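Have a look at the structure below, then the notes.
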Amino acid sequence: MAAPWSRCARISPIPLCRRPSAGLIFRAQGSPAWERTGPAVRAWPSLGPTTTEEWTVSRSVNKIILVGNVGSDPDVRVTSAGVKIARVSLATNWRTGGEQPEERTDWHRVNLWGRLAQVAEDYVSKGDKLYVEGYLQYDSYERDGVTIPTAEIRAREMIMLTPKAED
């Protein structure tokens, strides 16, 4: 199978992914950042918005960046509309300072949609280190008549940080 990044230019006039030396970067198709900047993608964040639309969008921020380890293989499903969704549990660790430092692990639910879900299904497995960038999405479901709130990360970008195994 051809590498997913080799087909990027043929999929769309707007680059959807690229391969740097540090890892694989995959962006969700239709991501607002790509739509605003167009084909001339900035390598570094700009010093400020360049269009009226960017000024309007910049008034609020819902952005999550996580770097952690995958807890289990992705759980892949397909919606009734035929869109693939991969759910990944991502563990992040942090330590408290002081005389008796304490280490804590937080688990995050990450949803990858469409192309990102396909990449996760094909290449991501338990123990892999991932960089995920997206936004926080709140929802709820009902179990036994009780409404249970949930918070999930909807990924817009994923970078696979685990080195590829040599064949």
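Since every read-out is calculated from the coordinates, none of them should be taken as a lab result. Remember, predicted model here, so these are calculated numbers, not experimental data. Note that each Cβ is placed from the backbone with ideal geometry, even for glycine, and that neighbours are counted across all protein chains shown.
Quick notes
- Prolate/oblate/rounded label for region 116-167 (Cα gyration tensor, a/c 1.5): prolate
- The protection proxy used here, the mean number of other Cβ atoms lying within 10 Å of each residue, ranks peptides 134-147, 111-124 as follows, highest first: 111-124, 134-147.
- Dipole of region 62-167, positive end: most advanced residue of 132, 62, 108 [Cβ charges, Cα centre]: 62
- In a fully extended conformation the segment linking residue 118 and residue 91 would gain 7.6 nm over its present Cα-Cα distance, using 0.36 nm per residue.
- Karplus-derived HN-Hα couplings along region 113-124 (A = 6.51, B = -1.76, C = 1.60, θ = phi - 60°), whole Hz, x at Gly and Pro: 10, x, 4, 4, 5, 5, 5, 4, 4, 7, 10, 9
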